[in-house]
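Notes follow the structure.
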Amino acid sequence: MSAPMPFEPLLASGPSGHNPSQDQEPITTRPRRKLTLSDRIDIFIDRTSGKLGPVLIVTAVILLSMTIYCYFAVFIPFHYPRQPEGEDTASHAGYVANMVWSCYLVWGILANYYYAVNTSPGSVVDGISSENANLYQNVLVEMEGMQLCFAVTIPLAQLQRSDNVSVCPIVFTETPPTCKRCHLPKPERTHHCSVCKKCVLKLQQHCPWIHNCVGHFNHRYFVMFLTYLPIACGYFVYMGIGPLVLLAEREDNTLTAQTTLEQHNNSYIRDECKKKGVAFTNMYDFGVIGNLLDFFNIGRRGHYPWYTAFLPIRIPPIGNGKRFQKSGRGYILNFVDDEDDEDIV
């Protein structure tokens with residue numbers, strides 16, 4: 001078995017001792033090819049992403065603010081109602097612990113999002129004067145002394161194959177490649193962003209929601225934002241189970257034409273009727289569809305078109321609130337009498 005071949009960087013062509021960074025990289029103009037449909041779609045997406053960036057940032061801030069307000073204004077008071085001073089010490093300790101944890105998550109989300117938006121990802125021209133025409137050489141001078149090696153793909157036809165040596169179509173050179181769009185040297189792991197129109201150091205992606213590239217200097221903040229966000233969302237869902245159950249109960253009352261008090265009373269009457277072998281009927285129940293039509297004041301007995309149920313406009317309910325339509329025989333509870341007698345109507 002042959003010994004492994006030692007790695008030797010492939011220097012740029014030229015006489016011995018010649019420093020390739022002293023030469024200006026020639027810029028050649030390539031003939032433009034005809035744009036395909038896929039190219040046009042990519043260009044449209046890039047331009048749209050660049051223009052919608054500020055709008056998406058404002059949208060993200062509004063959504064985060066609304067969610068945070070809803071959490072602290074609804075969920076926290078629901079789980080930890082205000083108690084008299086000196087009572088329920090365990091509940092107070094849980095409230096403090098929950099507030100500390102919640103504020104920590106909010107801090108992690110907002111701070112990392114702010115840093116990801118306002119931190120430059122880094123580019124090859126950072127800290128380099130671009131006033132003169134030797135920008136290419138200035139970038140090369142900035143990269144000198146880094147002892148970098150760049151992988152360059154070469155055509156398979158130029159490879160000399162051997163039975164004993166495996167050949168890979170990759171060679172290494174100390175001369176950095178040149179970006180075909182901005183015509184500047186590209187350090188290792190640097191790529192050109194078609195939205196920002198520049199080469200970004202250690203480019204991860206361009207994110208429209210931060211109106212910025214994710215690169216070397218803001219990659220940490222972007223990843224930490226994406227880490228805090230699902231953790232907070234999961235905790236938000238956990239804290240929202242109680243209000244969600246309460247919402248389901250209220251929706252059930254609407255679908256069955258009952259108020260909260262009537263639901264408790266009807267449950268008691270239903271049990272009493274079951275003991276006597278009598279079927280219980282809610283006199284205000286017209287079925288799920290009928291109850292919804294009456295609730296939203298639409299349909300055959302309503303006064304408004306169906307689409308008004310989805311509009312946040314002022315619409316009065318059906319009737320005067322003193323007499324209600326009834327579906328038939330049912331039971332009603334006399335609230336005036338302390339003994340809660342049942343009357344069959």
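The numbers here are math on the coordinates, done by the rules we state, and not lab data. Quick caveat, the model's predicted, so the values are computed rather than measured. Here the Cβ positions follow ideal geometry from the backbone for every residue, glycine too, while neighbour counts run over all protein chains shown.
Descriptive notes on the structure:
- Summed side-chain charge close to Thr260 - residues other than Thr260 whose Cβ falls under 13 Å, Lys, Arg +1, Asp, Glu -1: -3
- Note, ³J(HN,Hα) from phi for the range 293-307, Karplus 6.51, -1.76, 1.60, rounded to Hz, x at Gly and Pro: 4, 5, 5, 8, 6, 10, x, 5, 9, x, 10, 10, x, 5, 6
- For a modelled paramagnetic label at Arg300, 7 Å from Cα along Cα-to-Cβ, no residue of the range 216-260 is in reach, as no backbone nitrogen comes under 15 Å.
- For Lys202, a cut-off of 24 angstrom between C-alpha atoms picks up these lysines, skipping any fewer than 8 places away in its own chain: Lys51, Lys180, Lys186.
- All other residues whose Cβ lies under 14 angstrom from that of Phe324 are scored, Lys and Arg at +1 and Asp and Glu at -1, for a net of +1.
- Taking amide H atoms as placed 1.01 Å from N in the peptide plane, the amide H of Asn212 lies under 5 Å from those of Cys207, each 5 or more residues away in sequence or on another chain.
- 5 angstrom amide H check on Lys198, placed H, neighbours 5+ away: Cys193
- Packing rank of 311-318, 246-253, where each peptide gets the mean count of other beta carbons within 10 Å, highest leading: 246-253, 311-318
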